[in-house]
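Novice: Dropping a structure here in C-alpha cells format, bear with me for questions.
Nothing in this text is a laboratory measurement; each read-out follows from the coordinates by a stated rule. Everything quoted here is computed from the prediction, not taken from an experiment. We place every Cβ from the backbone using ideal geometry, glycine too, and count neighbours over all the protein chains shown.
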C-alpha cells in the first residue's frame, strides 16, 4: 500500500489522540513518500504517551506540511521520493507496525547502499522543519548538571578533557554538602518556573530525596522493571531462531502491561522508563549507561529546562550472558571505570543540551562528587580558563547562572 | 556553540588531525617526499617467501580514541613502536554496511558485501584466501583466520563457482575452541568467552572449515590441558586469539594469516571505560604480535603486517547516534578510519592522506603476493606495491 491510498479507518488500532491527529491531517499523510510516511507514523502512533514538547513538535511538523504547496512538497520530499523500496516493504502493514517497518527499511537501505541518500534526505528535511519552526522564549536559562565519580577516591587520568575548551575549570571548590546544595537549587528553579516534565533529577543509584516539582527517575526505582526486562530478554534468548535484530524488535514492542508492570498513574513516565530499558543498549546492565541514555532521551524528547544527572558506580564487567541473566547475588562495583564512563556521559549531556533552543544562553556544570573540582560552561564565564576561587557548589551555580 | 556537522569538513579535519599529529609525534613524513627509500621486495623467490598478516583493529575504533591527538595515550605501542616503522594511511573509507561480520567479509573479498550481518553465511564473493590458494597453488595450511566471535565461522571461503568449500582458509574460533576444550566447565574462564553486547545470543551452529578440537594437538601441538592452563593466564578473548595466532605461526607458519580483534566492541554496552580498555589491550596485542613476527625465523624479514579497523564508530556530534556506543548512523566518523602497513616491502616512516577504500586491501595483498583478485571492486594501493 502507498500513502496515497491511506484511509482514516485503517487507524482504528491507534490510541484516541493519535487517531484524531491522523484524521485531521490525512491529506498530509497521503502526500508523503513511502520512505517517509511510516517513519512519521512511528512517532504519531505513540502520540498519546509522549511528552508535551514532543506532541508540540509533531503538531508543528504536520501544521507546517499542511500549508505547503504541491510544488513545495515536491521540493521538501525530493530526497525521500528518490529512495526505492521493494514491494515486500510497501505491502507490509506499516500503518500498524511502523517500528518494524522502519527497522526492515533500514536493513534494506544498508544492503542496497541507499543509506547515505536516506540520511541526506532526512538531514535536509529536518533542517527545513527547523527553519520553519517559530522559536519560543524559554522561561529560564536551560541548566544541565552532571554529578560524576561517586565512590571514586582516586583517578589518575585528566577529567573534563572534552569540555575544558568550552568552559572554566574550578579547582578549589568546597565540596561540603555539595549534592544537597545542587538539589536545593534545582528544586527552587522548578518551583519558580513550573513545567510539566520540565525539570528532572536522574540518579544512577537511589534518589537522595524526591525534590518538589521535579520528575525523578533512578536506577534503583526502575529495579523491578529492569528485572522483568532481563527475564524477558533471557526468555527471548532461549527461543529457537532468535537473533539480535528480532530481540530488538520484540523489545521495542514491549508495553508496561505486557511486561506485567502495575501502572504508577503516570503512563507517559511509565512508557518513557520502559523505552529507556527496551531501546537503550546497556541500560539494563550498567547504571552509568542508564544515566547517560536517560539524560539523552529526556533532552531529546522532553526538552526540559533543568536536568540534574547523578552517576553511581556500575557493576564490574562480566561475561555478557551472565550480565543479562542478572544472576550474581553480590554485585562488584567499578568506581574508577564508572568515573570515566560518567566523564564521557557528561560531555554527551552537554552536547545534547546544546542541540536545543536557547543553547547560546544555557549553562552546564559537571562536578566530581565529594571533590573540589568542577567545570562550568556558561555564557557568563570564560572558555578554556581555570579558576582557583574558593566557593561551595551553591555559590558556583549562582555564578554560572548570572 | 551550536552543534552542527559538516561532513566534508569533518572528514578533512579527521584526516588532517591524524596526519599532523603523526608527523609530530611519530616522526612520519608525507609520502610524496619519501618516494626514494622503498625497500621493495622484488623477485619471484622473495615473493614466494613473503608472508602477509592482516589484523582488523576492531570491532570499530574511532580516531579520537586512537590516532587523533586526544587518543594517542591509548595506543602507545602502535604509536611509538610500530608507526615509525610504517607506511600510514590517514584516510581509509568504508562505504559498505557497518556491521562487523559483513564489513570484515567485505575486507576479505574486496567487495562491499550485503549479507545479513547476523547470519552464519559465507561471503557472496571469493575471499582473499581463495584467490591466494588457487592461483598460487597453496595448501590449506598456508591460509588461516583467527576470529573471536562464533559469527565469523564462515568467513574463510565463499560458495562461488570455481572457488568455494575447501579452497579457502581454515577458521579458528578460539572461544569456541575454549568452550569445547572445557566441555562446559568454564569456571575461571568466563572472561575469555565474553561476547559483545549486540550478539550475546548469537551462536550459530558451526559448519565449514572451522578448526576442530582434535586439531589442537595435531596442528598446534598443544594438549587440551596446556591450552586450558594457558587460557587461565589471559584476560580477554582477543588475548586468546593472539595466543592461538602466535602458536599457529610457530607450528604452521602460514603465508596468509588474518586475525580479527573484537574486544573493543563492548562499546555497545555504553561503558566508555570498557571501550577504551579494549583499545588499549588491542594496541598492546598488536605490539606483541609484531615482536612475535620478529622473533620467528619463518617470519622475520619477510612479513608484511597490515593493521586497520573494520570501520569507525559514530561521531559524538551526530544527532542520529550516541557517540562511541554504536556504528549505526553511517556518518563520516563511522566510515573513516586508518591503515598501518609495516615490514617487508613497506617504506618506513611515511604517511599518506589521499583517500583509499577498505576494499582496496584484497587487491593490494594480491599484488604483494602475486595473485589477482579478479572479482574485487577495489584497486591495489600503489604506495604499497
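Novice: What's the extension gain from residue A:120 to residue A:194 if we count 0.36 nm per residue and subtract their Cα-Cα distance?
Specialist: Values: separation 74, 0.36 × 74 = 26.64 nm, distance 3.83 nm.
Contour length minus the Cα-Cα distance gives 22.8 nm.
Novice: Follow-up question, since we're still on this one. Going by alpha carbons, how many degrees (0 to 90, nearest 10) lie between the helix axis of A:267-279 and the longest principal axis of chain A?
Specialist: Result, in degrees: 90.
Novice: Let me ask something else about it. For helix A:98-111, what angle does its Cα long axis make with the longest principal axis of chain A, in degrees from 0 to 90 and rounded to 10?
Specialist: So the helix axis and the longest Cα principal axis differ by about 90 degrees.
Novice: Looking at segment B:337-385, I'd like the Rg to Rh ratio, where Rg is from alpha-carbon atoms and Rh is Kirkwood's inverse mean 1/r.
Specialist: On the way: Rg = 10.8 Å, Rh = 11.4 Å.
Ratio of gyration radius to Kirkwood radius for segment B:337-385: 0.95.
Novice: When the Debye formula is applied to the Cα atoms of segment A:206-355, each taken as the same point scatterer, what base-10 log of I(q)/I(0) results at q = 0.08 Å⁻¹?
Specialist: -0.23
Novice: Counting residues in the protein assembly as shown as N, plug N into 2.2 N^0.38 Å and put the Cα Rg over that result. Show your work: numbers first, answer last.
Specialist: Details: Rg = 27.1 Å, N = 787, 2.2 N^0.38 = 27.7 Å.
Expressed relative to 2.2 N^0.38 Å, the Cα Rg reads 0.98.
Novice: Next question. Which percent, to the nearest 5, of DSSP beta bridges fully inside the protein assembly as shown are antiparallel? Mind showing how you got there, number by number?
Specialist: Details: 18 of 69 bridges.
Roughly 25 percent of the DSSP beta bridges within the protein assembly as shown come out antiparallel.
Novice: Evaluate E = 1/(1 + (r/R0)^6) for residue A:332 and residue B:48, where r is the Cβ-Cβ distance and R0 equals 35 Å; express this FRET efficiency to the nearest 0.05.
Specialist: Numbers: r = 53 Å, r/R0 = 1.52.
Taking R0 as 35 Å, the efficiency between residue A:332 and residue B:48 is 0.05.
Novice: Now for a different question. When you look at the Cβ of every residue in A:306-317, what mean number of other chain Cβ atoms sits within 10 Å?
Specialist: On the way: counts 0, 0, 0, 0, 0, 0, 0, 0, 5, 0, 1, 9.
Counting other chains' Cβ atoms within 10 Å and averaging over A:306-317 gives 1.
Novice: Out of all DSSP beta bridges in chain A, what portion is antiparallel? Express it as a percent rounded to 5. Don't skip to the answer; put the middle values down first.
Specialist: Working: 8 of 33 bridges.
Taking every DSSP beta bridge with both residues in chain A, the antiparallel ones total about 25 percent.
Novice: Is there a simple number for the mean count of other chain Cβ atoms within 10 Å of the Cβ of residues in B:321-327, and what is it? Walk me through the intermediate numbers first.
Specialist: Working: counts 0, 10, 7, 2, 8, 1, 0.
Whole-number average of other-chain Cβ neighbours for B:321-327 is 4.
Novice: Now for a different question. What does the convex hull of the Cα atoms come to per residue for segment B:311-360, in Å³? Write out the running numbers ahead of the final one.
Specialist: On the way: hull volume 5.3 nm³, N = 50.
Per residue, the Cα convex hull of segment B:311-360 comes to 106 Å³.
Novice: Additional query: Mind ordering A:270-279, A:67-76, B:367-376 by average Cβ neighbours within 10 Å, highest first?
Specialist: Details: A:270-279: 20.5, A:67-76: 12.5, B:367-376: 18.6.
So the order, starting with the most tightly packed, is A:270-279, B:367-376, A:67-76.
Novice: Still on this structure, I have one more. Which FRET efficiency value, to the nearest 0.05, do you get for residue A:63 and residue A:165 by plugging their Cβ-Cβ distance into 1/(1 + (r/R0)^6) with R0 = 60 Å?
Specialist: Working: r = 40 Å, r/R0 = 0.66.
The formula returns an efficiency of 0.90 here.
Novice: Sticking with this one: When a footprinting reagent is the concern and you count Cβ atoms within 10 Å, what order do B:93, A:255, B:104 take, fewest first? Can you show the working numbers first?
Specialist: On the way: B:93 18, A:255 13, B:104 28.
Placing the least packed residue first, the sequence is A:255, B:93, B:104.
Novice: Now for a separate question. Can I get the semi-axes of segment B:231-385's equivalent ellipsoid? Compute them from the C-alpha gyration tensor as square roots of 5 times the eigenvalues, in angstrom, largest first.
Specialist: Values: eigenvalues 154, 108, 33 Å².
Rounded to whole Å, the semi-axes are 28, 23, 13.
Novice: Any chance you could list P(r) for chain A, counting all Cα-Cα pairs in 20 angstrom bins from zero, rounded to whole %?
Specialist: Final binned percentages: 24, 53, 22, 0.
Novice: Beta carbons within 10 angstrom, averaged per residue: use that to sort the peptides A:134-142, B:167-175, B:219-227, A:193-201, highest first.
Specialist: On the way: A:134-142: 12.8, B:167-175: 25.6, B:219-227: 15.8, A:193-201: 19.4.
Answer by packing, highest mean first, reads B:167-175, A:193-201, B:219-227, A:134-142.
Novice: Residues of A:285-292, mean number of Cβ from any other protein chain within 10 Å of their own Cβ, rounded to a whole number? The partial results should precede the final answer.
Specialist: Numbers: counts 4, 5, 0, 5, 8, 1, 1, 6.
Average per residue, whole number: 4.
Novice: Quick one: what does P(r) look like for segment A:1-79 with 5 Å bins over all Cα pairs, in whole %?
Specialist: Values per bin, smallest distances first: 3, 15, 27, 27, 18, 8, 2.
Novice: Compute the acute angle (0 to 90°) between the alpha-carbon long axis of helix A:223-237 and the principal axis of greatest extent of the alpha-carbon atoms of chain A; round to the nearest 10°.
Specialist: Taking Cα atoms only, the helix is inclined about 50 degrees.
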